Amino acid sequence: MKIFKNKHNLQKEIFETKGISFVPTMGGLHKGHISLIKQSKKFKLKTLVSIFVNPKQFNKKSDYRSYPRNTNEDIKQLKKLKINYLYIPKYNDIYGFKPKKRVFLDKFSKKLCGKFRKGHFEGVLNVVNRFIEIIKPRNIFLGKKDYQQLYLIKQHIKKRKIETRIIECKTIRENNGIACSSRNSNLTKNQLKIASNIFYYLSGLKKKIKKNYNLFNFNKIKKDLIKLGATKIDYLENYNIKSFKKAKSPKEKFNLFVAYYIKNIRLIDNI
Ligand code: PAF
């Protein structure tokens, strides 16, 4: 595994190859990332992983500061996975140039997480657009846990006619049901139990809603989540996962999208 901290050295190396499969991360690697990397390795191109905690996608400084960082452990794991390249850029390597393409921000960016984390998706698309210009990857692997992010990146790529394919990968869950996330490492044992109970409550609820749509009563569900131990709920909404419009009938393919806090730790999922 070759490690690069500078984009020019990285480009010299990767532009000689047949193409790159790219797995962008903010580090704090977990089973979800490992599954993305394993998918990428099936594609017969060289796999490049990046680790960059992008300050522009955090709407609170305290959240940026407390975001889990574990680069030495991450490097060990990536070596074991035998990826080809690891890119760990500094801020200026990413933000010290003007990208050729402008970011396209679909209006869906104003919903769900976009409503509660001002500037978050602008920050995500800004960094992803820059990574694409630096790496020119043939494929990018992204998880469905961050479904809204996945959708918005796809819309940007389509609108800006970028020749990169997005490979959507399924959400990986812990044995207790909760979606793998770097932020889980900030949860105590008791808080993990709360998150697990919330997952089982919501997956049971989805099954019930599929049979009887009238059960979708936001206020009641919100109260139940608080009883289960959530500190605050940002949103709980049912969206059609193809059209990204609110689902109006149980026949549609919908997911329950949720963002909630346990103390000051914000968790998202779609079930
Ligand atoms: O999903 C993430 O970890 C980040 O949002 C991404 C795509 C690496 C951009 O910083």
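The values are calculated or read from the model by the stated rules, or taken from the named source; none is laboratory data. Note that this is a predicted model, so its numbers are computed, not measured. Using ideal geometry, Cβ is built from the backbone for each residue, glycine included, and neighbour counts are taken over all protein chains shown. Protein only, heavy atoms only, side chains kept; ligands, DNA and RNA dropped before computing areas. Shrake-Rupley method; radii C 1.70, N 1.55, O 1.52, S 1.80 Å.
Each Cα pair under 8 Å and six or more residues apart adds its sequence gap; the mean of these over the residue count of region 153-271 is a relative contact order of 19 percent. Using Cα atoms only, what is the angle between the long axis of helix 218-228 and the major principal axis of the chain, expressed in degrees (0 to 90) to the nearest 10? Between helix and principal axis, roughly 80 degrees.
Rounded to the nearest 5, the antiparallel percentage of DSSP beta bridges internal to the chain is 45%. Bridgeable aspartates and glutamates around K170 (alpha carbons under 15 Å apart, same-chain partners fewer than 8 residues away excluded): D146, D269.
Near L142: Cβ cut-off under 12 Å, other residues only, Lys/Arg at +1 and Asp/Glu at -1. The net charge is +3. Please go through the residue pairs K107/K246; K145/K253; K211/K253; K44/K76; K61/K263 and name each one whose alpha carbons sit more than 19 Å apart in this structure. Beyond 19 Å: K44/K76.
Report the local net charge at H30: Lys and Arg +1, Asp and Glu -1, summed over other residues whose C-beta lies under 12 Å from its C-beta. In short, +1. Pairs over the 29 Å Cα-Cα cut-off, from the set K38/K222; K18/K159; K193/K223; K46/K118; K144/K222; K82/K159: K38/K222; K46/K118; K82/K159.
May I ask you to list the GluC sites (Glu not before Pro) in region 134-224 that are in a DSSP loop and have at most 16 other Cβ atoms within 10 Å of their Cβ?
Working: sites: E163, E168, E174; in loops: E163, E174.
The qualifying sites are E163.
Among the protein heavy atoms of the chain, carbon and sulfur supply 51% of the accessible surface, probe 1.4 Å, non-protein parts ignored.
Averaged over its residues, the chain has an accessible area of 53 Å² per residue, based on protein heavy atoms and a 1.4 Å probe. Every helix of 4 or more DSSP H residues in the chain counts as -39500 (n - 2.57), and over all residues that averages to -12000 deg cm²/dmol at 222 nm. Take every pair of alpha-carbon atoms less than 8 Å apart whose residues are at least six positions apart; their mean separation over the length of the chain yields a relative contact order of 18 percent.
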